[in-house]
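Report on the structure given below.
The values are calculated or read from the model by the stated rules, or taken from the named source; none is laboratory data. Values in this document were obtained by computation on a predicted structure and should not be read as measured data. Virtual Cβ from ideal backbone geometry, glycine too; neighbours counted across all protein chains shown.
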Amino acid sequence: MAKLTKRAVDALTPRDRPYDVRDSEQRGFLVRVEPGGTKTFYFDYRLRGKRNRYKLGVYGNLSPDGARALAQAVAGDVARGIDPQARRKAERDRAERERHSTLRAFLDGRYEPWARTHLKSAEFQLARLRSDFAEQLDEPMHAFNPFLIEGLRQRWKKAGILPRSINRDIQRLQSVLTRAAEWGVLDAHPLKGLKPMKADKTGRVRFLTTQEEAALRKALAEREEGLRQARIRFNTWRVARGKKPLPEREGDLLDHLRPLVLVALNTGLRRGELLGLTWGSVNFSAKLLTVTAATAKSGHTRRIPLNAEALATLVAWYERRGKPKAEELVFPGREGERMTRIDTAWRGLMKAAGLKNFRLHDCRHHFASRLVQAGVDLYAVKELLGHSELAMTEKYSHLAPDNLRAAVEKVAAAAELAERQA
């Protein structure tokens, strides 16, 4: 034991094992010498019957006199019943929370890495968050409150944005704040209990009329005939130049577009589910198509019965592709890779069919609409579409007027019976 001065600490030499040298004047104050030569100042104390050691700093960054002053301050805290270890942890937690407290910092440092691992649409979701809330990115997240959100809602509404879209944008922010609260960055969710704007549940439901569907099918067939004629013209050009002609394009389903559209119209699969579908998910004998949890938006596996056209299309496409292996994609790109979009081919098809405002995703609406119009129960439609909640399926309920008409007629019949009995 000796007074820990600069000269005394400099004189301490490393040993095979760490050792402590305690200060002769300040109780609990000591320096620990490591075999590598590092010298670290500590303060030993006992609080509520438990012995603890508090790190003051490393010699070189902290002088003996500075360490002694810190030790005296810590001793004063301990005398007042304050645990310096607990206080340091609280300070570190607060600093960490402040570092991630703005929306931008939290998105960059915590939420984005999580989203890219757990969300299939991470790129889109992150882009929308940074765009929709660009003015609030550098605001602390606890500053978000219902008053602020209501101001944003009204401003967006005046700009012509529909309530359904506004609700989705706010829900996206709420999900981020939920994570921040769960991970301890926020003490509580600042928008907990916020109610969405009143919005039309029906939303956009674009489906094909009988005439439009006929036009689409005709355009698909004519497109394939165009591909056949293009191959004939190309071969004529090759032969004229002394080159060997390519194989003629015979039969149907010359590329992925026609079978993809026909399957979409008859199964209601989402674009991602279609483009991620493998042959192992198609059961020809059972006439079933399985959407696996890995490709489903809901994250849940579902099975869809194949009607006659869907089954015939997939069988013909399977034969056309040379009976691919189970792990191969049903609708692959040119090199067998998974496609992400079919925008160019789709735009050409829509132009040829003369269709307006009809997206590939609207094939899903068309499938659901036809089911409801045929009197299929909404619960069955929900299962086929893979909706997580019935409320998502209810937007198609207005397409079943006959069911509503039958219900009204029952009221009239009951009234007539009561009148006869009166």
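Strands (runs of 3 or more DSSP E) fully within region 1-88 that include at least 2 residues being among the basic types (Lys, Arg): 39-47, 50-58. All of 268, 251 fail the test of being of a type outside the set (D, E, K, R) and surrounded by fewer than 18 Cβ atoms within 10 Å (Cβ to Cβ), apart from 251. The single condition from (1) touching an Asp or Glu at 6+ places or on another chain (Cβ under 7 Å); (2) more than 28 Å from residue 348 (Cβ to Cβ) that residue 224 fails is (2).
Scanning region 183-213 for residues being of a type outside the set (Ser, Thr, Tyr), closer than 30 Å to residue 354 by Cα, modelled with pLDDT of 85 or more and exposed (fewer than 13 other Cβ atoms within 10 Å of the Cβ) gives a total of 1.
The rows are residues; the columns are (1) at pLDDT below 95; (2) of a type in the set (Ser, Thr, Tyr).
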| site | (1), (2) |
| --- | --- |
| 2 | yes, no |
| 26 | yes, no |
| 34 | no, no |
| 45 | yes, yes |
| 48 | yes, no |
| 51 | yes, no |
| 57 | yes, no |
| 61 | yes, no |
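Across region 24-80, the number of residues qualifying as under 17 Å from residue 7 (Cα atoms) and aromatic (Phe, Trp, Tyr) comes to 3. For region 176-197, the tally of residues that are in contact with a Lys or Arg (Cβ under 9 Å, 6 or more places away or on another chain) and not in a loop (DSSP other than H, G, I, E, B) stands at 5.
In summary, helices (runs of 4 or more DSSP H) completely within region 102-152 and bearing 2 or more residues that are modelled with pLDDT of 90 or more and basic (Lys, Arg) occur at 122-132.
Among the residues of this structure, residue 267 counts as one that is touching a residue at least 60 places away in the same chain (Cβ under 8 Å), over 30 Å from residue 142 (Cα atoms) and in contact with a strand residue (DSSP E or B) (Cβ under 9 Å, 6 or more places away or on another chain).
Looking only at region 63-88, residues that are in contact with a helix residue (DSSP H, G or I) (Cβ under 9 Å, 6 or more places away or on another chain), surrounded by fewer than 16 Cβ atoms within 10 Å (Cβ to Cβ) and closer than 15 Å to residue 9 by Cβ come to 2 in all. Might you let me know whether region 89-101 holds any residue that is crowded, with 16+ Cβ neighbours inside 10 Å and not basic (Lys, Arg)? Yes, because at least one residue in region 89-101 is crowded, with 16+ Cβ neighbours inside 10 Å and not basic (Lys, Arg).
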